[in-house]
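Heads up: the structure comes next, in structure tokens.
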Amino acid sequence: MATVTASEAAQAAEVQAHPRPRRGRRSGKGERRNWLGGAVGWVWLLIVIVPIYWIVVTSFKTQANYFITNPMVPPSDPTLANYRFVVDEGFVGYFVNSVIVTLGATVPAVAVSFMAAYAIVRGTGGRFLRLTNSLFLLGLAIPLQAVIIPVYLIIIKLQLYDTLMAIILPSIAFAIPLSVLVLGNFIRDVPRELFESMRMDGASEWSMLWRLALPLTRPALVTVSIYQGLTVWNNFLLPLILIQSPDKRPLPLALWAFQGQYGVNVPAIAASVVLTTLPILILYAIGRRQLLSGLTAGFGK
């Protein structure tokens, strides 16, 4: 007993003389600060923020003031004339077209992808579901640029040319493969015991889809919705090929035509870019937490 007591006393003295470092604090000798990574991060921040700052500052300048002042200096007398000019040139109509196309393509694509992902992961179709999953994965390997001519011919055959549906239908088709892949991985992470317990309680597949899988995969749904919404919102190739009438143009195509028509009026072009970007920023601010949780899900496993 005396030997054990002496050993414990020796260990206590050693711990007191050399205390262990607490978690959360850095030991000065064991870790080094990544100065190079921090410097590269600041440089990248400047590269990104400087053009944004220039666009915002320029949008509040008059056309005459823009050519005689430093482009990086804020205007001494800011004006909203450029924004009024852009709105008067039909910006609201272009904005409505973009909203219709984005919602009309994103909502059906995410809904169909969610149901397809659930059927592939939790279904009992066997070979048919595996073949369906392979077809969705094959869609990831086909870029839009490679099939734009067949898409154009199909739209002509369907008599949908120069309509908003001509943009919505191909956008849905190209959004489904990636959405199924992402949502399938999230549904696969839901414990199978939860589905089995609901099935034993008499729940149907439809009830398990909307009452169990939907709430647990909500971060993934928000992430996929925001990603696909931004993709459709910024899409330029489909409107360029499938839209002819000026009143049917979405914002990216209208911005391109506006730049060609008013190429000298740089402040007006900057104001149109700011108005085009604002909905994206608002959407990110609303779904920021869900988006980050969906992007970082799985890293803690």
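The values are calculated or read from the model by the stated rules, or taken from the named source; none is laboratory data. Note that the structure is a prediction, hence the values are computed from the model and not measured. Counting neighbours? That spans all protein chains shown, and the Cβs are built from the backbone with ideal geometry, glycine included. Side chains are part of the model used for accessible areas, which takes the heavy atoms of the whole protein and leaves out ligands, DNA and RNA. Shrake-Rupley method; radii C 1.70, N 1.55, O 1.52, S 1.80 Å.
Within the group 106, 102, which residue is touching a Phe, Trp or Tyr at 6+ places or on another chain (Cβ under 7 Å), in the same structural domain as residue 185 (by TED's automatic domain parsing), within 30 Å of residue 255 (Cβ to Cβ) and of a type in the set (Ser, Thr, Tyr)? Unique residue meeting the criteria: 102. Within the range 120-142, does at least one residue satisfy the condition of being within 21 Å of the chain's Cα centre (by Cα) and closer than 29 Å to residue 277 by Cβ? Yes, because at least one residue in the range 120-142 is within 21 Å of the chain's Cα centre (by Cα) and closer than 29 Å to residue 277 by Cβ.
Residues that are open to solvent by 60 Å² or more (accessible area, probe 1.4 Å) and at pLDDT 90 or above number at least 1 in the following helices (runs of 4 or more DSSP H) confined to the range 48-149: 81-86, 92-122. In the range 30-42, of all residues being more than 24 Å from the chain's Cα centre (by Cα) and open to solvent by less than 80 Å² (accessible area, probe 1.4 Å), the one that is farthest from residue 78 (Cα to Cα) corresponds to 30. Restricted to helices (runs of 4 or more DSSP H) entirely inside the range 184-255, those with at least 2 residues that are within 25 Å of residue 114 (Cβ to Cβ) are 192-200, 205-208, 218-233.
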